[in-house]
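The values are calculated or read from the model by the stated rules, or taken from the named source; none is laboratory data. Keep in mind that what you see is a predicted model, and the values were worked out from it rather than measured. Neighbour counts are summed over all protein chains in view; Cβ atoms, including those assigned to glycine, are modelled from backbone coordinates with ideal geometry.
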Amino acid sequence: MLYNRIRMIAYGVLLTLIGGVANPAWALPLDIAQSPLFLSTRVKPAFIMVIDDSGSMNWETLFPAKDGMGVWGRDNLASAFSFFANDGSFRQTGNVDFLQLFPYSGRSTDRQNIPATPNFGFARSPEFNPAYFDPSVFYEPWRAADGNAQFNPPTGNTSITAAPSALAW
């Protein structure tokens, strides 16, 4: 019985070897299309989408110092700490850590907020901080992809009590 089992295993190995040599299986190279098959000429890409999800997308300042941040420091031991140097220009060196105007829970530390006190009011002025809203500028509404206005807000002076809802635009 053991002899028959060994003989069957030997025949199986022999047939496998003969079959493998006689009929090898080869993988053929595939030519998979890299563009739609209905295009007769290749079109170069004309669009690049870049998404920046770094922390700088949350900054609310555009001061002339490094990366638009507010720099807190002083010129010498006798001068007071300030965002401005003694000559009145924005400070360029010091504690470069002030990026926010309004604290919110997503920030890791309150140190990066410029306090909302009168002595730091310049940070909330478009004259010093170009990122801040400028009421003297008319901001055009975004346009649709076809170039037309997405909505037509009322023009002229409208009474607050008679102002149309956004749905009417």
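Could you please give the count of residues in segment 27-80 that are within 21 Å of Arg124 (Cβ to Cβ) and either in contact (Cβ under 8 Å) with a residue 60 or more places away in the chain or aromatic (Phe, Trp, Tyr) (or both)?
The qualifying residues number 7.
Give the residues of segment 56-68 that are surrounded by 12 or more Cβ atoms within 10 Å (Cβ to Cβ) and of a type in the set (Gly, Ala, Ser), sorted by residue number. Lay out the reasoning, then the answer.
First pass over segment 56-68, keeping only residues surrounded by 12 or more Cβ atoms within 10 Å (Cβ to Cβ): 58-65, 68.
Correct list: Ala65, Gly68.
Within segment 50-68, can you find the residues that are assigned to a loop (DSSP other than H, G, I, E, B) and modelled with pLDDT of 75 or more? Break it down stepwise before answering.
Going through segment 50-68, the residues assigned to a loop (DSSP other than H, G, I, E, B) turn out to be 50-54, 59-65.
If the condition is that a residue be assigned to a loop (DSSP other than H, G, I, E, B) and modelled with pLDDT of 75 or more, then Val50, Ile51, Asp52, Trp59, Glu60, Thr61, Leu62, Phe63, Pro64, Ala65 are the ones that fit.
Please work out if Phe47 is exposed (fewer than 10 other Cβ atoms within 10 Å of the Cβ), at pLDDT 75 or above and either polar (S, T, N, Q) or more than 22 Å from Pro130 (Cα to Cα) (or both).
When the stated conditions are applied, Phe47 passes them.
Within segment 69-86, count every residue that is surrounded by 12 or more Cβ atoms within 10 Å (Cβ to Cβ) and either within 30 Å of the chain's Cα centre (by Cα) or part of a loop (DSSP other than H, G, I, E, B) (or both). Before you say what the answer is, go through the steps one by one.
Quick first cut of segment 69-86, residues surrounded by 12 or more Cβ atoms within 10 Å (Cβ to Cβ) only: 69-75, 82-86.
If we keep only those that are either within 30 Å of the chain's Cα centre (by Cα) or part of a loop (DSSP other than H, G, I, E, B) (or both) as well, we get 69-72, 74-75, 83, 85-86.
Number satisfying all stated conditions: 9.
Among (1) at pLDDT 75 or above; (2) in contact with a Gly (Cβ under 9 Å, 6 or more places away or on another chain), which single condition is Asp97 missing?
For Asp97, the failing item is (1).
Looking at segment 13-35 only, could you name the residues that are at pLDDT 65 or above and assigned to a helix (DSSP H, G or I)?
Taking segment 13-35 as the starting set, the residues that turn out to be at pLDDT 65 or above are 13-19, 26-35.
Scanning segment 13-35 gives Val13, Leu14, Leu15, Thr16, Leu17, Ile18, Gly19.
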